[in-house]
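What follows is one structure encoded as structure tokens, with my remarks underneath.
The values are calculated or read from the model by the stated rules, or taken from the named source; none is laboratory data. The structure displayed is predicted, hence computed values, not measured ones. Here the Cβ positions follow ideal geometry from the backbone for every residue, glycine too, while neighbour counts run over all protein chains shown. Side chains included, ligands, DNA and RNA excluded: accessible areas come from the protein's heavy atoms. Shrake-Rupley method; radii C 1.70, N 1.55, O 1.52, S 1.80 Å.
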Amino acid sequence: MLRITVLVSGGGSNLQALLDAQADGRITNGRVTQVIASKAGVYALERAGACGIASCVVSRKDYADSGSYGRAMLEAIDRAKPDLLVLAGYLSYLGEKAVQKYSGKILNIHPALLPSFGGKGMYGLHVHEAVLAAGVKVTGATVHFVNEVIDGGEIVSQKAVEVLPGDTPETLQKRVMEQAEWQLLPQAVADFCDGKL
Ligand code: GRF
């Protein structure tokens, strides 16, 4: 049984998708044992608490610089002793040391079809704003391994989602979450835990 640590920064809908998949048997060889939030009070922490999962906060604003934040985040991750690290709506800085130490064991969900609409500044609604501004008719989500390049790691899986006339960034984000993210991430985590990745 692999130990999974999930890093979050917001609503935690992707965390919830993992917890639901664990509860209904779609993830059998791994279990979420720790949630780490990059800021206090986010709803993702409520979701962890409702499932009795240990959580902690390593808040970026409590640290003078990204180096000290990265060290604090790595210490929190090490304490959890994860076999797999999942970035689920995590919007902060993981730090080079953590990326190197857990290389090959960090999965991220990105709300676009990488390499399109990825990289610095491409997170949350900004991604969908860029998709609409570009006028593309198809977007989607990507699960990838995390390396030192933002959104640059090996792609694990992708799912396409239609852009509809009249879409706003909010309606598009919701569709991408419902039709792609919440399916891709649990499946990728299950596959990793089953030794298929
Ligand atoms: C989602 O768009 C996700 O793709 C991105 O962060 C947003 C919020 O995710 N990484 P969540 O609801 O906190 O999982």
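Would you mind checking K105/K174; K39/K174; K39/K137; K105/K137; K137/K196; K120/K174 for any pair whose Cα atoms are more than 30 angstrom apart?
Going by Cα-Cα distance, K39/K137; K105/K137; K137/K196 fall outside the 30 Å limit.
Over the chain, with the other protein chains present, what is the accessible area per residue in square angstrom, probe 1.4 angstrom?
48 Å²
Within segment 135-151, list the residues whose amide N lies under 15 Å from a label point set 7 Å along Cα→Cβ of K159.
139-144
Taking R0 as 45 Å, what FRET efficiency do you get between A133 and A23 from their Cβ-Cβ distance, rounded to the nearest 0.05?
The value I calculate is 0.70.
Could you work out what % of the accessible surface of segment 1-128 is carbon and sulfur, using a 1.4 angstrom probe and leaving DNA, RNA and ligands out of the count?
Whole-percent figure for carbon plus sulfur exposure: 50.
How compact and how long is segment 1-153, expressed as Rg and Dmax of its alpha-carbon atoms in Å?
In Å, with Rg to one decimal and Dmax whole: 15.3, 45.
Hey, can you grab everything whose amide H is under 5 Å from the amide H of L2? Only 5+ residues off in sequence or another chain; H modelled, so Pro and N-termini drop out.
Close amide H contacts, sequence-distant or interchain: G30, R31.
Roughly what % of DSSP beta bridges within the chain run antiparallel, to the nearest 5?
40 percent
Under a crude label model (7 Å from the Cα following the beta-carbon direction), how far is D78 from E170 in nanometres?
4.4 nm
Between segment 99-143 and segment 2-52, how many Å separate their Cα centres?
If you average the Cα positions of each part, the centres end up 20 Å apart.
Treating the Cα atoms of segment 18-61 as identical point scatterers in vacuum, please give the log10 of the normalised Debye intensity I(q)/I(0) at q = 0.30 Å⁻¹, two decimals.
Reported log10 I(q)/I(0), two decimals: -1.05.
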